[in-house]
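Notes follow the structure.
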Amino acid sequence: MAPPPPQTPTPVIPREAWEGCSVLLDINDGDRLAFFRLTPGATVKIGDKSCSLQPLLGRPFGSLFRVGPSGLVPCAATDASSQDDKPRGGGGADGQAQDETRDNRSLVDNNTAQTLSSEDIEAMKREGASGDAIVEALIANSSTFGNKTVFSQEKYKLKKQKKYAPKVLLRRPSSRSICETYFKKYPARIGFMRVDMLSLLLSMANVGAYSDVLAVDMVGGLVVGAVAERLGGTGYVCSTYLGSAPSSIDIIRMYNLSSDMTSRIFQAPLGDLCSLQSAGDAPSVLSGSIQRDLVERAAVPDESLQSSLAKPINTEVSDGNAQSISVQPINMEVPEPATDDHLNQGDISMSDCKGSNGNSIAPKALRAGKAPSPERMKYWGEHGFSSLIVAAPGHEVESVVADLLPLLSYSAPFAIYHQYLQPLATCMHSLQASKMAIGLQITEPWLREYQVLPLRTHPHMQMNAFGGYILSGIRIHKPDP
């Protein structure tokens, strides 16, 4: 019995933002989400004001800021919880009875209800009035505010607060927040992968501590980063690619991984991995014709799936569940996903970053995706990988999986993602016929987000209806004919 691996200390990621780290700014409760690198000259434009990000340094993730005359100002704990302390629904039985006598039928939007002019508002700004003070002045000078229902009053306050007193929430970039943000604005760059699909991939591939995970990541590095985050600096993840040019995994730089976690991320071509298989295993399936076909296919750029790093972005997601189906190959024409090359925004600069106070997070010299050592390659060739994750929407799944499965150890699980059902159905039929795997199933996740507010809880009216499919199974020893 092999001795257990040596215990390595879990890397401690700081709870506060530091110079050089990546942060996710949530502006006005999800109206706008933007990634930023905290460099000395980093700024964010909110409305017509450009604010420096220096006040974020040293603040814990989850801190709330407001836009003041001098820039971003931390909100006091009493300010952040003041809305929760206010009674909702009119303030008890008396307020509810009073609200029942109100309605909005007599309200006419003719721009005469507000007596405070734009010149008055500009004068208050020049005098240094805060955004909250301007909102209170607008409410006091509105002749129709008192006749509105409580629900309409809350909507009015929220609308004015977003315009004159915007709030900024400092969030830590994680697998969930990064996936949600990309899925909202740039879904094609991550292969239209929803956050519940990403979590299912990690679970079905049994990604855990001290795992050796083989990944085919054609979604910008989202999968590799999520695997490295779950491993926590204890295992290894190898991102393989077809052809001679490695696929982009730049999204990893948003994760703020420690130096130890980043050093365990490797990139190696599929041909090199197949050539190192031990003599007792199945021979390399990369025959000359197949390898030439893969190289030629990888050399042709797929404009719809270019994983160039996105800049600012938006979203929110809640819990979901999954349903499993077993299918046979069917005929289905799959349209090409639309390109998003016309989108060009620049809220995040992936420039070189510096750690402060000797911090080892995201160092300048260490970059994820280096080539593995010969000893590590030999170990993988002899023992195989413990799990496999494939997210390559732009490639033929059946041929890619046939090349990857022999690299796994026996009884190793695998999970294959695709936006459409037909490629996975064809691959599933091929695996059943070749008897290379068992426990094959195709899973379609289902996710619904709910609005939960007092006296008005219901599903969101506009939501994403589908999040792709996963083919999962367990690799077994193929009997000799």
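The values are calculated or read from the model by the stated rules, or taken from the named source; none is laboratory data. Just so you know, these numbers come straight off a predicted model, no measurement behind them. When we count neighbours, we look across all protein chains shown, and the Cβ atoms used for this are built from the backbone with ideal geometry, even at glycine. Surface accessibility is based on the protein's heavy atoms, side chains included, excluding ligands, DNA and RNA. Shrake-Rupley method; radii C 1.70, N 1.55, O 1.52, S 1.80 Å.
Couple of notes before you dig in:
- Residues satisfying the criterion are present in segment 191-203 (criterion: on the phi > 0 side of the Ramachandran plot and in contact (Cβ under 8 Å) with a residue 12 or more places away in the chain).
- Within the option set Val207, Val224, Val150, Val213, being more than 19 Å from the chain's Cα centre (by Cα) and under 30 Å from Gly381 (Cβ atoms) holds for one residue only, Val213.
- Cβ pairs under 6 Å, 6+ apart, first in segment 464-476 and over 15 Å from Leu407 (Cβ atoms), second assigned to a loop (DSSP other than H, G, I, E, B) and open to solvent by less than 50 Å² (accessible area, probe 1.4 Å): Gly467/Arg194; Gly468/Gln419
- Scanning segment 158-167 for residues that are in a helix (DSSP H, G or I) and either open to solvent by less than 30 Å² (accessible area, probe 1.4 Å) or not aliphatic (A, V, I, L, M) (or both) yields Lys159, Lys160, Gln161, Lys162, Lys163, Tyr164.
- Apart from one condition, Lys86 fits all of (1) open to solvent by 20 Å² or more (accessible area, probe 1.4 Å); (2) of a type in the set (Lys, Arg); (3) at pLDDT 85 or above; the exception is (3).
- Residue ID - farthest from the chain's Cα centre (by Cα), chosen from residues in segment 227-255 that are at pLDDT below 90 and among the polar types (S, T, N, Q): Ser244
- Wholly within segment 197-281, helices (runs of 4 or more DSSP H) carrying at least 3 residues that are open to solvent by less than 30 Å² (accessible area, probe 1.4 Å) and among the small types (Gly, Ala, Ser): 222-231
- Residue match in segment 148-157 (condition: within 30 Å of Cys21 (Cβ to Cβ) and either touching a Leu at 6+ places or on another chain (Cβ under 9 Å) or surrounded by fewer than 18 Cβ atoms within 10 Å (Cβ to Cβ) (or both)): no
- Selection from segment 134-144 of residues that are open to solvent by 40 Å² or more (accessible area, probe 1.4 Å) and either in a helix (DSSP H, G or I) or touching a Leu at 6+ places or on another chain (Cβ under 6 Å) (or both): Glu136, Ala140, Asn141
- For Leu170: the one exception among (1) open to solvent by 10 Å² or more (accessible area, probe 1.4 Å); (2) closer than 30 Å to Ser70 by Cα: (1)
Matching residues to (1) basic (Lys, Arg); (2) part of a loop (DSSP other than H, G, I, E, B); (3) closer than 29 Å to Ala123 by Cα; (4) open to solvent by 10 Å² or more (accessible area, probe 1.4 Å):
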{"position": "Leu24", "(1), (2), (3), (4)": "no, no, no, no"}
{"position": "Asp29", "(1), (2), (3), (4)": "no, yes, yes, yes"}
{"position": "Leu33", "(1), (2), (3), (4)": "no, no, no, no"}
{"position": "Thr39", "(1), (2), (3), (4)": "no, yes, no, yes"}
{"position": "Lys45", "(1), (2), (3), (4)": "yes, no, yes, yes"}
{"position": "Ser50", "(1), (2), (3), (4)": "no, no, yes, yes"}
{"position": "Pro55", "(1), (2), (3), (4)": "no, no, yes, yes"}
{"position": "Gly58", "(1), (2), (3), (4)": "no, yes, no, yes"}
{"position": "Phe65", "(1), (2), (3), (4)": "no, no, yes, no"}
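- Taken across segment 184-196, residues that are out of contact with any helix residue (DSSP H, G or I) (no Cβ under 6 Å at 6 or more places or on another chain), modelled with pLDDT under 90 and open to solvent by less than 10 Å² (accessible area, probe 1.4 Å) do occur, with at least one present.
- Residues within segment 375-404 that are among the small types (Gly, Ala, Ser) and touching a His at 6+ places or on another chain (Cβ under 9 Å), tallied: 2
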